[in-house]
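In what follows, a structure is listed as structure tokens, so that the remarks can point back to it.
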Amino acid sequence: GIVHRLDKETSGLMLIAKNDETQEALSRMLKNREIEKHYRALAEGRMKEPEGEIDAPIGRSRKDRKKMAVDPAGRPAVTRWRVLAEGRDVTLLDVRILTGRTHQIRVHLRSVSHPVCGDPLYGSAKGARVPCLMLHAFSLTFRHPRTGEEMTFQASLPGDFRKGLEMNGIPPETK
């Protein structure tokens, strides 16, 4: 069974269990924030600091029911980011989410005026030209439910993502 989902436009890793017992254990680990999830995101503009944290609750948008928004009445959401590289008015980020809200990275980066490039819902009409939503589930780290062994899985950046980096002045081999 599927342990966690990705937005349909987001590429990268998904965690899927082979049996019910493992799915329950992994789901519990996810809920208890025992699974470390890192994403790669190409954000519009340049970040003012080399790293930061966005701690802002997220709820359904009151203006557009298809969207989520930062909302004081929403559920807690925490996103940490770190600059990996800068290009032509874009920044490649390593993003770690501590909670798992719908569209969390996309909403949080938009809320600090650095939307994810290529985002059809939360992006800017004047944003960087890219071939896809520039958000990729890059790595997952967790302890195996049965053995306790720490495991890390990574997914290479797909071709469209690498092309989007190159189009905006960031070497595609940047991780």
query: Counting other Cβ atoms within 10 Å of each Cβ, which trypsin sites (Lys or Arg not before Pro) in the range 56-159 have at most 16 and sit in a DSSP loop?
result: 62, 63, 65, 66, 67, 88, 126, 129, 146
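If you count the DSSP beta bridges with both ends in the chain, what percent of them are antiparallel, to the nearest 5? Could the numbers behind the result be given before it?
Working: 37 of 39 bridges.
Once the DSSP bridges in the chain are tallied, antiparallel ones form about 95 percent.
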task: With everything on Cα atoms, drop me the angle between helix 20-31 and the longest principal axis of the chain, reported from 0 to 90° to the nearest 10.
output: 50 degrees
- prompt: What full-extension length gain, to one decimal in nm, is calculated for residue 86 and residue 29 as 0.36 nm per residue of separation minus the Cα-Cα distance?
  reply: 17.1 nm
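Where in the chain lies the longest segment free of GluC sites (Glu not before Pro) that are both loop residues by DSSP (not H, G, I, E, B) and have at most 11 other Cβ atoms within 10 Å? Mind dumping the intermediate values first?
Values: sites that count: 149, 173.
Maximal segment without exposed cleavage sites: 1-148.
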Proximal lysines relative to residue 48, as straight alpha-carbon distance under 21 Å, when same-chain residues fewer than 8 apart are discounted: 126, 175
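Carbon and sulfur together cover what percent of the accessible area of the range 27-175 at a 1.4 Å probe radius? Intermediate values should be presented prior to the final figure.
Values: 3750 of 8220 Å².
That share works out to 46 percent.
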query: Accessible area per residue of the chain at 1.4 Å probe, in Å²?
result: 57 Å²
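Can you compute the helix-only [θ] at 222 nm over the chain? Use -39500 (n - 2.57) per DSSP H run of at least 4 residues, normalise by all residues, nearest 500 deg cm²/dmol.
On the way: 3 runs with 29 residues, N = 175.
-5000 deg cm²/dmol, from helical runs alone.
The values are calculated or read from the model by the stated rules, or taken from the named source; none is laboratory data. Source: prediction; values computed, not measured. So basically every Cβ, Gly included, is an ideal-geometry build from the backbone, and we count neighbours across all protein chains shown. With ligands, DNA and RNA removed, areas are computed over all heavy atoms of the protein, side chains included. Shrake-Rupley method; radii C 1.70, N 1.55, O 1.52, S 1.80 Å.
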